[in-house]
1. Considering region 131-226, what Rg and Dmax in Å follow from its alpha-carbon atoms?
2. How big is the shadow of the Cα convex hull of region 53-202, averaged over all directions, in nm²?
3. Expressed in nm², what is the orientationally averaged projection area of the convex hull enclosing the Cα positions of the chain?
4. With viscosity set to 1.306 mPa s and temperature to 10 °C, compute the Stokes-Einstein D of region 97-177, Rh being the Kirkwood radius across alpha carbon pairs; µm²/s, no decimals.
5. Averaging sequence separations of C-alpha pairs under 8 Å and six or more residues apart, then dividing by the length of the chain, give the relative contact order as a whole percent.
6. Choose one answer from 204, 53, 238: the residue with the largest mean-square fluctuation in a GNM of the chain with alpha-carbon springs under 10 Å.
7. As a test of the formula, what do you get for the chain when each DSSP H run with n ≥ 4 contributes -39,500 (n - 2.57) and the sum is divided by the residue count, at 222 nm and rounded to the nearest 500 deg cm²/dmol?
8. Go through 145/218; 87/176; 188/211; 87/172 and tell me which ones have a Cα-Cα distance over 24 Å in this structure.
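The numbers here are math on the coordinates, done by the rules we state, and not lab data. On a predicted model such as this, the values are computed, not experimentally measured, just so you know. Because the Cβ atoms are built from the backbone with ideal geometry, glycine has one as well, and the counts that use them run over all protein chains shown.
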Amino acid sequence: MKVCFSIAVPSITARLQLAFLLALSVLAAVSAPVYANETCKSLLVTGNPEYPPYLWRDPEDENHLVGANADWIQLLGKEIGIPVEVKYVGPWGRVQEEAKLGRVDLLAGAFFTLPRLEYMDYFYPAFRETRTVIWTRSNFNLPYKKWADLAGRQGVTVINNSFGEEFDRYAKESLKISMVPSLEQALKMLSLSRADYLIYEEDPGLAYVAKLNITGLKTVSPPITNENLYLTFSHKSPCNTPEMRGRIAKAVYKLDKQNVMNKLIASNIQLWRKQQAK
């Protein structure tokens, strides 16, 4: 008796499908650890170091920043379960360059501008609204009611500062404003009549006027803008993954609902005053 055996040989199409499925399995195995394992062990955070009561250099360790924003970031770190370091890396202009290069992960406080979208992600909602005002000398006549009233006057502000898309555009086209590296320098220029007005946020300005013991300055109404402060994430940060953005976004939302910033600002105003009194 002759017995025949037949062996099924996969068709070329079946073999290609099998190879494709195997390739997908290998790719999934390689990619899975990126999301399954924790690859971001800590976050490096910075911001504007001349920004009390929001941020300023720690007198006991000038490599770090303290203030309401720093305290808020520590609460966020606890929410996402990752240590955060709020570090001084230089003046505000340098801070933004470090974010562009991905040398820092997060900025604890930035206004929204279209150019910044090119190198940072914004988290919503904003964690604080700030008021930007015109500063001038008490004995200087500056009849100001609208932006156009500043035309023909010499202004000053801190380099790389933004006061909202609309005003930034108007200022570039219609106003004469010098840029200096620090708020301290800008306040001294104004006090010495080397500028007619200064554009800066009200709370940090008041804090620095007290620190420098400068008299004879005032703010005028209405404010230039009321702008929101956002937490931002450098595009080039190695921690900037979809999973991490999701975790931070949830934490930002939760802290906003808890309304913690008002308490943090009140306590840090007291801390700033206490430190300056020493």
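1. So, for region 131-226, Rg and Dmax equal 12.1, 34 Å respectively.
2. Quarter of the Cα hull surface area: 10.2 nm².
3. Numbers: hull surface 88.3 nm².
Average projection, Cα convex hull of the chain: 22.1 nm².
4. 105
5. Taking the mean separation of contacting Cα pairs over the length of the chain, I get 27 percent.
6. The residue that fluctuates most here is 238.
7. That comes out to -13000 deg cm²/dmol.
8. Values: 145/218 15 Å; 87/176 33 Å; 188/211 12 Å; 87/172 32 Å.
87/176; 87/172, as the Cα separations exceed 24 Å there.
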